Amino acid sequence: MSTKNKILIIGECRESSIHHVTFELVSEGAELSKKNNGEVVVLVPGYKIDTAQTEGLFKAGADKVILLDHEKLQQLNDVHYLRNIAAVINEEEPGIVLAGATPQGRSLMPKLAITMKAGLTADCTELDIEEGTGLLLQTRPAFGGNLMATIKTPKHLQMSTVRPKVFKVETGYSKEKNITKFTYIDGDSPLKIIEAVRSIEEMVNLADSDIIVSGGRGLGDKANFKVVFDLAAKLNAAVGASRAAVDAGWISYAHQVGQTGTTVMPKLYIALGISGAIQHQVGMKSADYIIAVNKDSNAPIFNVADYGIVGDLFEIAPKLTELLG
Amino acid sequence: MKRVVVFIKQVPDTAELKIDPVTNTMIREGVPSIINPFDMYAIEEALKIKDKWGDTETVVMTMGPPQADAALREAISMGIDKGILLSDKKFAASDTWATSYILSKAVEKLGDFDVLIAGKQATDGDTAQVGPGVATWLKIPSVTYVRKIDELEPGHAKVERMRSEGFDIIEVKGKFLMTVLKELNEPRIPSFRGKMAAKKAEIPVWGADDLNTDEANIGFTGSPTRVVKAFTPPPKKGGIKVEGDDLETVKGVFKFIKENHLA
């Protein structure tokens, strides 16, 4: 087997826990490896990594797990991460490298791509292997989802960041548990993470959520966001917002969905009191299902909603929250 | 004198994009070009740094066709000192790898700098790869997703990087590049004086020979990636639409959620 067929997954930890996107990438990698006769190697960088979770990586389809565990990787210090991940790539010599299209993946991969002279495709939503050539076919949205492009890297290392929640985690593989450790390589860093602030209030997780409940101008007031939070809590959903609601100061920018905020692709997107300007739509119209509630029956949000209700959100949202009881 | 360099991109205004309902392709004709929205925050931050530091030259750079000149002039109208256009037929079809190489060569030609700033990503390609790429070519660190600047002096910075589950407070020693978010500031409106300056400004155009770029690293040849095909996804159509806010109406949407196993 040529190393060209080897698929290296750059894993990700949140605190000590291996992030869901890593399992998703392993399963997609396993699917690809059936087509290119390759193997799936997953690198897990972090600190005090919960090694019990490696079991799940093998069930998801990993052939080998490389643990890279060091105190200096507790926080996302790009310089320490890059030095070590580059060393692993050089040692493993994969043909394909996949990472989550998370803030971590999208910070590290562009820098790795330069030093490795690799082709990098961002935020992929579909991967395949080209028949005959065995090359990775990477499909991704551009122009805010108005255009899809399929990209390949014919002659160089093939790298992609892959959007979380696109691929399903398999649990049925019974692979031999091949775990190795990579010894951390130390060096200087001009970057220092002084503090990693993590609080419930700051927890937005738009990109990681299956369901998002968003509020807009129709809420009329900061205090009224409570109906959004109540429904979101019942659905175990993340809370989003339109630009209007953010600009009004009702909720922080991290919640903004749309062109100058975050692009999301949940299974279900519920828009409460959002008119749905095109700038908002480009950030959410790729959701599998969209439910919209708005007083104005002409609101453009209804053009993309699978289920639209013309009515008072302050009547509808609490009733729905109650029904979901 | 200190120097802050901002990378901008001229993009089609996504809000004005329309899809041809017959061919299901993007209609690009007549779509106005704008400065990538995220880059407006990068421009504003450079101006704020100059306001604070004094004795600082602010420079905007863009790579693109000759008409990208308009984007540079708009930045100058906001108060930026100097615009540089990187334009050459040999640059055409550069992917993010080649583009970051070209931009880094332009920074080298420009000379010394203290901070480089780029928007989080461009709204046409949505890759977020060029900013960190330039930093890598220049062998300086980068901090992405900057939402707040606590301290910034030449050679020292303390910034906040947005994460999905909170934020990181990061200290940086030496020169660096940051990519910025909307949360950082409110871009200023061009002044009359700025508009006059923009009209009169001489915009140098630098090509492959000026930058002494390696042919193997630029344009189509220098780009590791290839677009195999591009297609427009089927347009999303409105579905069920009901009116009312009584319990019966809400039960309808509840049923919809349950039937599609959404919760």
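The values are calculated or read from the model by the stated rules, or taken from the named source; none is laboratory data. From a predicted model like this one, the values you see are computed outputs, not experimental measurements. All Cβ positions, even for glycine, are placed from backbone atoms using ideal geometry, and neighbour counts span all protein chains on display.
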Practice item. Might you let me know whether the range B:111-128 holds any residue that is under 22 Å from A:GLN75 (Cβ atoms), free of Cβ contacts under 8 Å to residues at least 60 places away in the same chain, part of a strand (DSSP E or B) and within 14 Å of another protein chain (Cβ to nearest Cβ)? Key: no
Check your understanding: Taking the range A:197-232 as the region of interest, how many residues are modelled with pLDDT under 95 and surrounded by 13 or more Cβ atoms within 10 Å (Cβ to Cβ)?
Key -> 11
Exercise for review: Would you be able to say whether some residue in the range A:91-109 is touching a Leu at 6+ places or on another chain (Cβ under 9 Å), within 8 Å of chain B (Cβ to nearest Cβ) and surrounded by fewer than 18 Cβ atoms within 10 Å (Cβ to Cβ)?
Suggested key: no
Review point. If you go through the range A:299-315 one residue at a time, do you hit one that is more than 17 Å from B:LYS236 (Cα to Cα), of a type in the set (Phe, Trp, Tyr), assigned to a loop (DSSP other than H, G, I, E, B) and not assigned by TED's automatic domain parsing to the domain that holds A:ARG163?
Key: no
Point to revise | Residue under evaluation A:GLY325, criteria (1) surrounded by fewer than 20 Cβ atoms within 10 Å (Cβ to Cβ); (2) touching a residue at least 24 places away in the same chain (Cβ under 8 Å); (3) facing another protein chain (nearest Cβ under 7 Å), criterion not met | key: (3)
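Of everything in the range A:172-196, what is assigned to a strand (DSSP E or B) and either surrounded by 15 or more Cβ atoms within 10 Å (Cβ to Cβ) or more than 10 Å from every other protein chain (Cβ to nearest Cβ) (or both)? Give them in sequence order.
Of everything in the range A:172-196, those that are assigned to a strand (DSSP E or B) and either surrounded by 15 or more Cβ atoms within 10 Å (Cβ to Cβ) or more than 10 Å from every other protein chain (Cβ to nearest Cβ) (or both) turn out to be A:ILE179, A:THR180, A:LYS181, A:LEU191, A:ILE193, A:ALA196.
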Check your understanding: Among the listed residues A:ALA149, A:ALA113, A:ALA142, A:ALA86, which satisfies the condition of being of a type in the set (Gly, Ala, Ser) and buried (at least 23 other Cβ atoms within 10 Å of the Cβ)?
Key -> A:ALA113
Check your understanding: Quick check: is even one residue across the range A:114-126 in contact (Cβ under 8 Å) with a residue 12 or more places away in the chain and either in contact with a Cys (Cβ under 9 Å, 6 or more places away or on another chain) or in a helix (DSSP H, G or I) (or both)?
Key -> yes
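Output the residues belonging to the range B:138-150 that are within 15 Å of A:ARG83 (Cα to Cα) and touching a residue at least 12 places away in the same chain (Cβ under 8 Å).
B:ILE140, B:PRO141, B:SER142
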Study note, to complete from the structure: Within the range A:144-163, the residues that are touching a strand residue (DSSP E or B) at 6+ places or on another chain (Cβ under 7 Å), outside any strand (DSSP E or B) and free of Cβ contacts under 8 Å to residues at least 60 places away in the same chain are A:THR153, A:PRO154, A:HIS156
Study note, to complete from the structure: Conditions (1) surrounded by fewer than 18 Cβ atoms within 10 Å (Cβ to Cβ); (2) in contact with a Leu (Cβ under 8 Å, 6 or more places away or on another chain) -> B:THR25 fails only (2)
Check your understanding: Conditions: (1) under 29 Å from A:SER174 (Cα atoms); (2) outside any helix (DSSP H, G or I). A:LEU57 meets all but one. Number of the miss?
Key -> (2)
Review point. Out of all the residues in the range B:111-121, is one or more surrounded by fewer than 23 Cβ atoms within 10 Å (Cβ to Cβ), among the hydrophobic types (A, V, I, L, M, F, W, C) and either out of contact with any strand residue (DSSP E or B) (no Cβ under 9 Å at 6 or more places or on another chain) or at negative phi (or both)?
Key: yes
Review point. Among the residues of the range B:89-100, is any farther than 18 Å from B:VAL4 by Cα, in contact with a Leu (Cβ under 9 Å, 6 or more places away or on another chain), surrounded by fewer than 22 Cβ atoms within 10 Å (Cβ to Cβ) and not β-branched (Val, Ile, Thr)?
Key: no
Check your understanding: So B:THR225 clears everything in (1) under 22 Å from B:LEU85 (Cα atoms); (2) surrounded by 15 or more Cβ atoms within 10 Å (Cβ to Cβ) except one condition, right? Which one?
Key -> (1)
Exercise for review: Mind listing just one residue for me: the one in the range B:156-181 that is under 22 Å from the mean Cα position of the chain (by Cα) and in a loop (DSSP other than H, G, I, E, B) and, of those, farthest from the other protein chains (Cβ to nearest Cβ)?
Suggested key: B:LYS175
Exercise for review: Check off (1) within 20 Å of the chain's Cα centre (by Cα); (2) of a type in the set (A, V, I, L, M); (3) within 7 Å of chain A (Cβ to nearest Cβ) for B:VAL146 and give me the number that stays unchecked.
Suggested key: (3)
Practice item. Look through the range A:276-315, keep the residues that are under 15 Å from B:LYS241 (Cα atoms) and among the polar types (S, T, N, Q), and return whichever of them is nearest to the other protein chains (Cβ to nearest Cβ). Key: A:ASN303
Review point. From the set of residues in the range B:218-257 that are of a type in the set (S, T, N, Q) and assigned to a loop (DSSP other than H, G, I, E, B), which is nearest to A:GLY145 (Cα to Cα)?
Key: B:THR232
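Test A:VAL97 against the criterion of being in contact with a strand residue (DSSP E or B) (Cβ under 9 Å, 6 or more places away or on another chain), assigned to a helix (DSSP H, G or I), of a type outside the set (Gly, Ala, Ser) and under 26 Å from A:ASN37 (Cβ atoms), and give yes or no.
Numbers: in contact with a strand residue (DSSP E or B) (Cβ under 9 Å, 6 or more places away or on another chain): yes; assigned to a helix (DSSP H, G or I): no; of a type outside the set (Gly, Ala, Ser): yes; under 26 Å from A:ASN37 (Cβ atoms): yes.
When the stated conditions are applied, A:VAL97 does not pass them.
Could we say that A:GLY249 is surrounded by fewer than 22 Cβ atoms within 10 Å (Cβ to Cβ), more than 9 Å from chain B (Cβ to nearest Cβ) and part of a loop (DSSP other than H, G, I, E, B) here?
yes
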Check your understanding: From the list A:ASP247, A:ASP288, A:ASP312, which residue is farther than 21 Å from B:PRO37 by Cβ and at pLDDT below 95?
Key -> A:ASP288
Review point. Of all residues in the range A:24-53, which are in a helix (DSSP H, G or I) and touching a helix residue (DSSP H, G or I) at 6+ places or on another chain (Cβ under 6 Å)?
Key: A:VAL26, A:ASN36
